[in-house]
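K.L.:
Following this message is one structure expressed as structure tokens.
The numbers here are math on the coordinates, done by the rules we state, and not lab data. Keep in mind it's a predicted model, so treat the numbers as computed, not measured. Glycine also receives a Cβ, built like all others from the backbone with ideal geometry; neighbour counts cover every protein chain displayed.
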Amino acid sequence: MPTVFTSHPVEYIIERSRFIGTSFHMATVDDLPPCLSEVKRAYPLANHYTFVYRIDSAHQRAFDDGEPQGTAGLPILNILVREGWEETLVIVVRYFGGIKLGRGGLVHAYQHAAQLALQSTVAGQRMVVRHALIHLDYALYERVHRSLKAYILSEEATFAADVTLELTLADENWPRVQALIEQAGGHRQMVVASSLQPTIVPISAPSSESRAPTRHPRQ
């Protein structure tokens, strides 16, 4: 199920009313107050701060914040349910422009603002990620680097007396990565640290090669 990896606000104007939609990753209900406070600081004196969250199918809420019941929150929640978003909060701010939109107009405006916000969101997924620190000989670096590209999310290489690789990968790939390192290096490599961390990663992540910075190159 998709959730929010990164996002930015998107504005929609209709009949002089401004609708600003933005999305947040929301793992628990405790995440709501700071997100709502952030939006209120960014857009003070708005007429409405409608929000909808869906943590999972059993934990979801729609809040109209003074708009006619069912014209703001529920239409946004319907989008989250239809598209399968979870651990997701959408807040739509409205500055009233002086022209009433009617129930149908409000439903359309709030849905459209929310849809724009989700379209501008980089979708992510929850994953148990392993961080591993590996030392290996210089002679092994290119061989190990090439063999691991298909299995890791990112790699950082530090060149000193030997090469230190800092790898980030899905934990399910760890046995395969260990096997590849052993096959490539025999006893000339060593895993010195490994830890697990639940995190959000982009669903369409860049390739590991494009995100493999090198630090402290050997002169």
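K.L.:
Using the number of other C-beta atoms within 10 angstrom as an exposure proxy, rank 26, 127 with the fewest first.
P.N.:
Lowest count first: 127, 26.
K.L.:
Right, here's the next one. Residue 170: net charge of surrounding residues, Cβ under 13 Å, Lys/Arg +1, Asp/Glu -1, itself excluded?
P.N.:
Once all neighbours under 13 Å are counted, the net charge is +1.
K.L.:
Please tell me the relative contact order of segment 3-120 in percent, rounded to the nearest whole number, where contacts are Cα pairs under 8 Å and at least six residues apart.
P.N.:
Relative CO of segment 3-120 lands at 38 percent.
K.L.:
With axes computed from alpha carbons, what is the tilt in degrees of helix 102-119 against the longest principal axis of the chain, rounded to the nearest 10 within 0 to 90?
P.N.:
10
K.L.:
Any idea what % of Cα-Cα pairs in segment 1-64 are farther than 16 Å? Each step should come with its number before you reach the end.
P.N.:
On the way: 1035 of 2016 pairs.
Beyond 16 Å sits 51 percent of the P(r) for segment 1-64.
K.L.:
Once you list every other residue whose beta carbon is under 11 Å from the beta carbon of residue 113, what net charge do they have if Lys and Arg are +1 and Asp and Glu are -1?
P.N.:
Spelling it out: positives minus negatives among the neighbours equals +1.
K.L.:
Another one. Which residue, 81, 52, 201, has the most motion in a Gaussian network model of the chain that connects Cα atoms within less than 10 Å?
P.N.:
Comparing 81, 52, 201 in the GNM, the peak value goes to 81.
K.L.:
Oh, and also: Relative to the longest principal Cα axis of the chain, at what angle does helix 73-83 sit, 0 to 90 degrees, rounded to 10?
P.N.:
For 73-83 against the chain, the angle is about 40 degrees.
K.L.:
Build a GNM of the chain with springs between Cα atoms under 10 Å: which of 18, 176, 41 gets the top mean-square fluctuation?
P.N.:
So, out of 18, 176, 41, the one fluctuating most is 41.
K.L.:
Hey, another quick one. Could you list 63, 24, 159, 19 in order of exposure, starting from the residue whose Cβ has the fewest other Cβ atoms within 10 Å?
P.N.:
Listing 63, 24, 159, 19 from fewest to most nearby Cβ atoms yields 159, 63, 24, 19.
K.L.:
Ranked by Cβ crowding within 10 angstrom, fewest neighbours first, how are 8, 112 ordered?
P.N.:
If I rank by nearby Cβ atoms, fewest first, I get 8, 112.
K.L.:
In segment 96-168, if the dipole is taken from +1 on Lys/Arg beta carbons and -1 on Asp/Glu beta carbons about the Cα centre, which of 163, 131, 112 is farthest to the positive end?
P.N.:
Value computed over the given set: 112.
K.L.:
Within the set of other residues whose C-beta is less than 12 Å from the C-beta of residue 49, count the net charge using Lys and Arg as +1 and Asp and Glu as -1.
P.N.:
After counting each charged neighbour, the total is -1.
K.L.:
Using only Cα atoms, find the angle between the long axis of helix 174-185 and the longest principal axis of the chain, and express it within 0 to 90 degrees, rounded to the nearest 10.
P.N.:
For 174-185 against the chain, the angle is about 30 degrees.
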